[in-house]
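Structure first, then comments.
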Amino acid sequence: MPVLRRPAHERAVELPPRQGLLAAETDVLVVGGGPAGLGAATGAAGGGADVILVERYGFLGGNATAALVMPLMSFHTQRPRPEKEGSVDLLRTDHGRGEPVIAGVVSALIERLVKAGGAIPPSMKTGYTVPFDPEVFKAVTLDLLDDAGVHFLLHAFASGVLKEGSRVDGVIFETKSGPIVIRARVVVDCTGDGDIASYAGAPFEVGRHDDRLVQPMTLMFRMAEFERAAFEGYVKAHPDQWRGVHGLWDLIKQAAAAGELELPREDLLFFATPHDREVSVNSTRVTRVLGTDVWDLSHAEWQSRRQMRQIVAFFRRYVPGFKDAYCVQSGVNVGVRETRRVLGDYQLTADDILTARKFPDVIARSAYPIDIHNPEGTGTYLKHLPPGESYDIPMRCLLPREVDGLLVAGRCISGTHEAHSSYRVMPVSMAIGQAAGVCAAIAAEGDTLPRRVPVEAIQKELLRQGANLRELGQPA
Ligand SMILES: Cc1cc2nc3c(=O)[nH]c(=O)nc-3n(C[C@H](O)[C@H](O)[C@H](O)COP(=O)(O)OP(=O)(O)OC[C@H]3O[C@@H](n4cnc5c(N)ncnc54)[C@H](O)[C@@H]3O)c2cc1C
């Protein structure tokens, strides 16, 4: 039974007040069950460690399921193709079409999703993204952890750490059963927000260099009963009004003039899903809010849910193909793009990405562009890597400064605001997670600190687990 077992009464240890009950001890503790956490847990278990994954919600997937963020963005190098006006290809995002630069646990997940009828594999037809069904994602990721032998605990929110000197040796969780502690040889922070690193006192940055503003939040939602043929008819008649996955400028202007729509973006953006009569809408926008501030989060939920109501009404009233469509589901929470970026032994930069830089301590690769939704208002800044190129993510970005026994993975690793906008996407977060898990397993086995694990050992195990690292013999 993979669910973490309740500690037997005789084995339960009362820790000092405010810490709680020692619930378990393990080699590797992964906090957060999003893309990075799933990668970390399977990477660590694959490396032979005893692993516990703890998640605050009652299901896995992080943004993929809680925030209905989809599709999995392309993890392929880019080949130029001009954005075509009037194309109704609801998956053509123009980010991929070359060679895949990620494999490993990402490929394993996609294979399972496709087999379960919950995803379309990446191809020219999908713009090399992977549209998936979030409910199938929840089920399949439980299987992924079960098969890897990972124990998990749900409904547990990490609220603090135990430290021995500079080393994190346990995490405190708030639960319905009261506070509990899980001790571990190595902890992997996959909270997206770098919660564990910040509790441990690791330094971090937030937002843009000059004003600390982060990318906006977006409440995603799914609309069912979409009639594709009618929408295609509109786009054919108005080819200047739609480009791949976004547009409808004139209809937006009409609705705004009628006082029926106050859109915080310049256009509407939505994607196809594996279901013909459904689209996934990415069009609400709340700026100047931070996802580690409970007041900002409350404000963003309030604002984005009102925006969603307006957008749904706009679709039904103005957009051909949406007359009978309705919102079937919105995210459990507003989607948070950017919060803490934990400072590590190296900080990845925009220049590293745009010059497709290679590092000797590569542990994952990405070819996704710089993609910044304007932190202040309308507009999205996109800048691609050179065609056919990818960049390396070095192991040093996963090692927080001033703290030991801890790795960070996913969107909270060490990088600038601009670099973060590229490596934050789900396939990359998952590949980074896998590397963190592998490093944690090796450190736990050798009773050493993650920082002391030779990178060659991590790379060797990652390759054994099927990860796609560039040919390591190549000059860095
Ligand atoms: C609106 C929006 C649209 C996006 N579009 C795309 C897209 O189309 N394709 C794409 O690939 N990427 C997209 N992204 C980016 C992507 O979703 C994230 O960057 C990615 O999910 C990061 O993965 P992660 O595992 O680091 O963090 P998350 O997905 O945020 O997962 C973190 C997990 O940790 C849990 N957690 C957090 N704090 C605690 C705690 N204290 N205790 C216990 N558990 C905790 C959370 O519940 C969650 O399950 C989008 C993001 C947003 C917000």
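In table form, for the structure just shown:
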item: Matching entry among 162, 142, 109 (being within 16 Å of the ligand (Cβ to nearest atom), assigned by TED's automatic domain parsing to the domain that holds residue 55 and assigned to a strand (DSSP E or B)); result: 162
item: Matching residues, segment 42-62, being crowded, with 24+ Cβ neighbours inside 10 Å and within 11 Å of the ligand (Cβ to nearest atom); result: 53, 54, 55, 60, 61, 62
item: Options 438, 453, 408; residue that is of a type outside the set (Gly, Ala, Ser) and within 16 Å of the chain's Cα centre (by Cα); result: 408
item: Segment 165-187, residues that are within 11 Å of the ligand (Cβ to nearest atom) and crowded, with 21+ Cβ neighbours inside 10 Å; result: 171, 173
item: Scope segment 309-346; condition in a helix (DSSP H, G or I) and in contact (Cβ under 8 Å) with a residue 24 or more places away in the chain; matching residues; result: 310, 311, 312, 313, 314, 315, 317, 318
item: Evaluation of residue 193 against (1) at pLDDT below 95; (2) within 22 Å of residue 439 (Cα to Cα); (3) within 12 Å of the ligand (Cβ to nearest atom) (one fails), failing number; result: (1)
item: Within segment 19-41, considering residues that are touching a helix residue (DSSP H, G or I) at 6+ places or on another chain (Cβ under 8 Å) and either part of a strand (DSSP E or B) or among the charged types (D, E, K, R) (or both), the one surrounded by the fewest Cβ atoms within 10 Å (Cβ to Cβ); result: 27
item: Listing of helices (runs of 4 or more DSSP H) fully contained in segment 191-296 that carry 2 or more residues being among the charged types (D, E, K, R) and touching a residue at least 60 places away in the same chain (Cβ under 8 Å); result: 228-237
item: Residue list for segment 394-434, filter: away from the ligand (no atom under 13 Å from the Cβ) and in a strand (DSSP E or B); result: 394, 400, 404, 406
item: Count of segment 122-145 residues which are surrounded by fewer than 23 Cβ atoms within 10 Å (Cβ to Cβ) and at pLDDT below 95; result: 3
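One line per residue, one yes/no per condition, for (1) within 16 Å of the ligand (Cβ to nearest atom); (2) under 30 Å from residue 248 (Cα atoms); (3) buried (at least 22 other Cβ atoms within 10 Å of the Cβ):
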{"position": "320", "(1), (2), (3)": "no, yes, no"}
{"position": "331", "(1), (2), (3)": "yes, yes, yes"}
{"position": "337", "(1), (2), (3)": "yes, yes, yes"}
{"position": "363", "(1), (2), (3)": "yes, no, yes"}
{"position": "366", "(1), (2), (3)": "yes, no, yes"}
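The values are calculated or read from the model by the stated rules, or taken from the named source; none is laboratory data. As the structure is a computational prediction, the values presented were derived from the model and not from experiment. A quick note on method: Cβ atoms are made from the backbone with ideal geometry, for glycine too, and the neighbour counts reach across all protein chains shown.
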